[in-house]
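Since the structure comes first, as structure tokens, the remarks are kept for the end.
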Amino acid sequence: MERSPGQAIEIENLTRKFQIRGSAARDGREVTALNQVTLTVSKGEILGLLGPNGAGKTTLIKIITTVLLPTSGSVSVLGFDVVTQARSIKGRLGIVFGGERGFYGRLSVRENLDYWSAVYRIPRRNRAARSAELLEQLGIADQSHLPFERLSKGMKQRVHLARGLIGDPDLILLDEPTSGLDPAAALQLRSVFGELRRDGRTILLATHDMAEAETLCDRIAFIDHGEIIAVGSPRELGPLFASYDRVDARLPDEALRALVAGVPGVGQLTELGEGWLRIHTTSQDAATDVLRALVAAGVTALRTSQPTLEEIYLAVIGDRGLKL
């Protein structure tokens, strides 16, 4: 595959299969976790990878991080091939999962970071300064003396992020980084992700949290059953699944609702609550005709809208794994 200098990740026709083991393997069946996946992530971009559990997100991340090998196809990370140049990739990645993995519970936060500094081969003379910089940036400096096991879940996630950043990576891979956090802790962690993006780092975010993806990501890639279904910004994806504009109007009067229903090109009507009605249209000019009819009837509480990321997800994948 010809590599582009502007791409952090280039994936072409990637397939990964697993052999079924145990008693179920008598018939020699295989499971296809990824099927002909083609995807690029530009340098400095945050790409959200959305899909339900079992869709292939974690398998894709493991291949990008050189933990798994492709069955077929090619993957280039920061200009290096994951099969033949894995060693050149590993030191330039930051990987953030979460939970209790990857840390010694009885060691302090700072001691854990010192250990990971050694793993990333940071010179001994630079380790203390690098750890202190990250602890301050992530707001955990005042808890750096505490054992990891005594931290709250939100603080543990921050330490995970510090570990992922300790080697000053060009590419950061986040796998459900705010899973299980309370809303305040999740919001704080997302603000850090925004800072990383402003620093010019590339981030691949695997999640099924709609708010997280819509807030942070430049583009979204929907994955299901091991296949990439659609890629683009929410604005770009919306028209693929809702071809025509829709109108929201506050219509407490049943007569006005009947007026709307009679306009040619009006399809489904959806109750939004508090008197608001969403009017879906099925033809190019129907939204304009609806607006004209409502304005002529004296209605002033009007707005047009595009599908939300949640609605796009439901249209593409359904409600499996959906988290609002």
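The table for this structure:
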read-out: Out of 97, 103, sole residue that is assigned by TED's automatic domain parsing to the domain that holds residue 162, out of contact with any strand residue (DSSP E or B) (no Cβ under 6 Å at 6 or more places or on another chain), surrounded by 17 or more Cβ atoms within 10 Å (Cβ to Cβ) and closer than 18 Å to residue 174 by Cα; value: 103
read-out: Residue list for region 151-191, filter: among the β-branched types (Val, Ile, Thr) and under 15 Å from the mean Cα position of the chain (by Cα); value: 172, 178
read-out: Complete set of residues in region 143-169 that are buried (at least 18 other Cβ atoms within 10 Å of the Cβ) and closer than 30 Å to residue 80 by Cβ; value: 157, 158, 159, 160, 161, 162, 163, 164, 165, 166, 167, 169
read-out: Matching residues, region 263-284, being surrounded by fewer than 12 Cβ atoms within 10 Å (Cβ to Cβ), modelled with pLDDT under 90 and not polar (S, T, N, Q); value: 271, 272, 273, 274
read-out: Residue 73 vs. criteria at pLDDT below 90 and on the phi > 0 side of the Ramachandran plot; value: no
read-out: Among residues of region 285-312, those that are farther than 30 Å from residue 213 by Cβ, assigned to a loop (DSSP other than H, G, I, E, B) and of a type in the set (S, T, N, Q), counted; value: 1
read-out: Residue ID - surrounded by the most Cβ atoms within 10 Å (Cβ to Cβ), chosen from residues in region 183-225 that are of a type in the set (Ser, Thr, Tyr) and modelled with pLDDT under 85; value: 207
read-out: Residue identified as assigned to a helix (DSSP H, G or I), in the same structural domain as residue 62 (by TED's automatic domain parsing) and buried (at least 16 other Cβ atoms within 10 Å of the Cβ) among 125, 110; value: 110
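The values are calculated or read from the model by the stated rules, or taken from the named source; none is laboratory data. Small disclaimer: the values here were computed from a predicted structure and weren't measured. Every residue, glycine among them, receives a Cβ derived from its backbone with ideal geometry; neighbour counts consider all protein chains shown.
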